[in-house]
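Below: one structure, written as structure tokens.
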Amino acid sequence: MLAASAKQWREITVPGGRLTQAERQQIALGLADDLAYAEIARRLERPTSTITREVDRNGGPTAYRADLAHRATERRARRRKPAASRGSAAPAQGRGRDEEAVREYEESFTTLLMQQGLPKMTARVLTCLFIADTGSVTASELVQHLQVSPASVSKAIGFLEEQGLIRRERDERRRERYFVDGDVWYQSTIASAHGVAQIAATARQGVGVLGRDSPAAARLENIARFSEFVSESILRAAEQVRDVLYTKPEAIRAAPAGPDPDHGQAATEAG
């Protein structure tokens, strides 16, 4: 019985895109069986945030009904179409994309950034920049797309600028636009490595304060050594990967070839 049930879950799973009616029926069954959102999401191969949002916007875990949820989603989709045709300021629109799939991906990416430690609003703003084809948005576009106050956007922008993750420029209309550069993940990784190095330095400072022969000092010394190793490894790896990713193929082909070891050895033997 369990094997058949698992097979049924797999057959109705469609990665990405909008939830199907069959998926909603499985969500309802999962809720009836008191399954956690994460377990329902795992069986459907969907982000947990997608299941959470689906249930919360359609009555909650005790009142969720698959058929009602499906009809409500269709009604919302029909209401959104006129707004989209007027040229909404959503950063990732057009190109024939499935808007519902884009929204689900945006929520999934935002959730991931939050799990990495970013505040919710900061994560939402950074995700908007990541998925914008131009790699830039204005404050008003963020306010409209995220449906939040200008103050919330301003605070998130300030935090991201402090971290060196975004920059601002004025466009031809004198509006401030916020940009995320192509090497933003490199910059973020470098900042993270420096943060780990600071932990190492602070831990080693504690060794001297607490006395080298104390159990606490031994613990802090281990933290310092571990953090130093991790920081140095991250920095080294980030530089190596950046060199590979940012080196143009033409530059590699044009680089002078080094001496052929076998050729050099043969010349030596001949001499």
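Let me make sure I get this right: for the stretch 95-175, a, b and c are the square roots of the gyration tensor eigenvalues over alpha carbons, sorted descending. Under 1.5 in a/c it's rounded, otherwise prolate if a/b > b/c, else oblate. Which is it?
It is oblate, given that a/c is not under 1.5 and a/b is not larger than b/c.
Determine, from the Cβ-Cβ distance of SER154 and ALA36 and an R0 of 51 Å, the FRET efficiency 1/(1 + (r/R0)^6), rounded to the nearest 0.05.
With a Förster radius of 51 Å, E is 0.90.
Using a 1.4 Å probe, how large is the accessible area of VAL102, given in Å² and rounded to the nearest 10?
30 Å²
Hey, rough spin-label estimate for GLU239 and ARG71, points 7 angstrom out along Cα→Cβ, what's it come to in nanometres?
With each label point 7 Å from Cα toward Cβ, the separation is 6.4 nm.
Using a 1.4 Å probe and counting only protein heavy atoms, arrange GLU54, GLU161 so the residue with the most accessible area comes first.
Ranked list, largest accessible area first: GLU161, GLU54.
Compare the peptides 142-150, 166-174 by average per-residue count of other Cβ atoms within 10 angstrom and give them in order, highest first.
142-150, 166-174
Can you pull the accessible area of MET121 for me, 1.4 Å probe, Å² to the nearest 10?
Roughly 40 Å² of MET121 is accessible to a 1.4 Å probe.
From the protein chains alone at 1.4 Å, what is the descending order of accessible area for GLU221, GLU45, largest first?
These residues rank, largest area first, as GLU45, GLU221.
Please work out the FRET efficiency for the pair ARG168 and VAL209, using the Cβ-Cβ distance as r and a Förster radius of 35 Å; give the result to the nearest 0.05.
0.25
The values are calculated or read from the model by the stated rules, or taken from the named source; none is laboratory data. Please read these numbers as outputs of a predicted model, since none were measured by experiment. Positions of Cβ are generated from backbone atoms using ideal geometry, with glycine treated the same way; all protein chains shown enter the neighbour counts. To get the accessible areas, we keep the full protein, side chains included, count just its heavy atoms, and leave off ligands, DNA and RNA. Shrake-Rupley method; radii C 1.70, N 1.55, O 1.52, S 1.80 Å.
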